[in-house]
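This is the structure I want to talk about, given as structure tokens.
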Amino acid sequence: MAKEGTEMTEETEHMIEKNGAKETETVVSAGDAKEMRAVILSGFGGLNKLRVTKKAMPEPQEGEVKIRVKACGLNFLDLMVRQGNIDSPPKTPLVPGFECSGIVEAMGENTKGFEIGDRVMAFVNYNAWAEVVCTPLDYVYNMPDDMTFPEAAAFSMNFVAAYMMLFEVANLREGMSVLVHSAGGGVGQAVAQLCSTIPSVTVFGTASSFKHEAIKDSVTHLFDRNIDYVQEVKKISPEGVDIVLDCLSGENTGKGLGLLRPLGTYILYGSSNMVTGETKSFFSLAKSWWQVEKVNPIKLYEENKVIAGFSLLNLLFKQGRCGQVKTVVEKLFSLYNQKKIKPVVDSLWALEEVKEAMQRIHDRGNIGKLILDVEKSPTPLVMSNSSLENSWPNQHRLRFLDSTKSDNNEYIFQLHWFLW
């Protein structure tokens, strides 16, 4: 983790403007009964499209639960939404975010199963990054007693997606093998933990090299994301693997299908390779599309291979499978209560720090989940030297600006993330 700053690209360095990119935000008191703070995406594009401002507080309709939000999850999908890099993007302005945790504050008519004061986590079809959300009761779940609000916000999308891909789609069983990309991310760590609940499962993972030390105990075999992982996997398992979980797409689709054993399953659940810069890149979209191997159904039949896709949000909000998801959540809560799984929280951020948090995801710098803590105050920026890197205890994150001189004698401020 200490070397994360060196992983940042030149493009990223210039994204953080020399003046600190200090944008004046409108902050509303939490005690205001009619308005609330919320993150607003004013249009699709770069980080400058995000701001925190005041917004009318929603009230629950029939069948809805009103939640005083404590924590929200931040996913790579949110970055793609910001760029407009998704199919059928919604109209802006909008409040991003699909998952949150908090306390039940009110309920609409004919809403049963919850009481005011209940600690809950919830899926939301956008609007999660705010002090208050309203969502249908079918998407709300009572949290385990020992689970914290940040853990709950890190739990819903990542663990539900990981469980359903492994057990509902790929039918993971004892003795099987799994390849998961982005093993250091929220879903990757959830996959690794769930695989550990089944005897003799071998987990192959790819991740940035600076993450290896932190996650090496969670996977069986770990490879740098920039090397030829296909050859490395085949050195260990010449027949390949039983399950491939791919959040990258592009050329990795063909590689993943090629690594499958007979009766193996390849699952695509993301396309992060399409994101290369701060804004949507049509070149990256075209390149990723071009690199995807064209699937021949006859070849799948001859080789006894399965290819599948998975979108948890579509399953919930478009395909009406909330009952199936609820069953999975109950199974996951049981595993949590047995202390067999536990969400990995990378760091906590104030709503006003959403730009920096999203930049961290863009740079693939997180290990586990980034959380927006609604009650957290922004952390002051501190000027410091990189020599302080190793002087902080390994518990919480300090963010600071380190100035380095460029070739043209101008100072470029580079955002670093260290542990204190």
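The values are calculated or read from the model by the stated rules, or taken from the named source; none is laboratory data. Model, not experiment: these values are computed from the prediction. FYI the Cβ positions are ideal-geometry reconstructions off the backbone, even for glycines, and counts take in every protein chain you see. Surface accessibility is based on the protein's heavy atoms, side chains included, excluding ligands, DNA and RNA. Shrake-Rupley method; radii C 1.70, N 1.55, O 1.52, S 1.80 Å.
Evaluate the charge dipole of the range 153-262 about its Cα centre and quote only its size in Debye, nearest 20, assuming +1 on the Cβ of each Lys and Arg and -1 on the Cβ of each Asp and Glu.
So the magnitude is around 40 debye.
Could you give each residue of the range 158-170 its phi-based ³J(HN,Hα) in whole Hz, using Karplus coefficients 6.51, -1.76, 1.60 with θ = phi - 60°, and x for Gly or Pro?
5, 6, 5, 4, 4, 5, 5, 5, 6, 9, 8, 9, 8
When all protein chains stay in place, what accessible area (Å², nearest 10, 1.4 Å probe) is found for D145?
Looks like 140 Å² after rounding.
Let me spell out the model: positive unit charges on the Cβ of Lys and Arg, negative unit charges on the Cβ of Asp and Glu, origin at the Cα centre of the range 179-237. What dipole size does that give, in debye rounded to 20?
On the way: 5 positive and 5 negative charges, 15 e Å.
Dipole size: approximately 80 debye.
Further question: For the full complex of protein chains and a 1.4 angstrom probe, list R173, R82 by accessible area with the highest value first.
Descending order: R173, R82.
Return the carbon/sulfur percentage of the accessible area of the range 105-178, one whole number, probe 1.4 Å, all protein chains in place.
Of all accessible area on the range 105-178, carbon and sulfur atoms account for 42 percent.
Any idea which of V124, P90, P60 is furthest toward the positive side of the dipole for the range 23-165, if Lys and Arg beta-carbons carry +1 and Asp and Glu beta-carbons -1?
P90
Would you rank T206, T148, T197 by solvent-accessible area, highest first, keeping every protein chain in place and using a 1.4 Å probe?
T148, T197, T206
Could you pull out the pairs from K34/K376; K70/K91; K66/K112; K55/K112 whose alpha carbons sit more than 18 Å apart here?
Exceeds cut-off: K34/K376; K70/K91; K55/K112.
Report relative contact order for the range 76-195 in percent, whole number only (criteria: Cα-Cα under 8 Å, sequence separation at least 6).
Relative contact order here is 20 percent.
Would you work out which of V178, V241, N158 lies farthest towards the positive end of the dipole of the range 131-264? Charges go on Cβ: Lys and Arg +1, Asp and Glu -1.
V241
With a 1.4 Å probe and all protein chains in place, put Y126, Y141, Y301 in order of accessible area, largest first.
Y301, Y126, Y141
Hey, another quick one. Which value, in Å to one decimal place, does the Kirkwood hydrodynamic radius take for the range 122-223 when every pair of different Cα atoms is included?
Evaluated over the range 122-223, this radius sits at 15.1 Å.
Under a 5 Å amide H to amide H cut-off, with H placed in plane at 1.01 Å, what residues pair with A71 once short-range neighbours are removed?
S101, V374
A further question follows. Residues with amide H under 5 Å of E131's amide H, sequence separation 5 or more or different chain, H placed in the peptide plane at 1.01 Å from N; which?
Long-range HN contacts for E131: R37.
Mind grabbing the accessible area of K55 for me, 1.4 Å probe, Å², rounded to tens?
80 Å²
Which cross-chain or sequence-distant (5 or more) residues have an amide H under 5 Å from the amide H of Y266, H modelled 1.01 Å from N in plane?
Long-range HN contacts for Y266: V244, V306, I307, A308.
Under 30 Å from the Cα of K294, which lysines turn up, not counting those fewer than eight places away in the same chain?
Once the sequence-local lysines are set aside, what remains near K294 is K234, K235, K255, K280, K305, K318.
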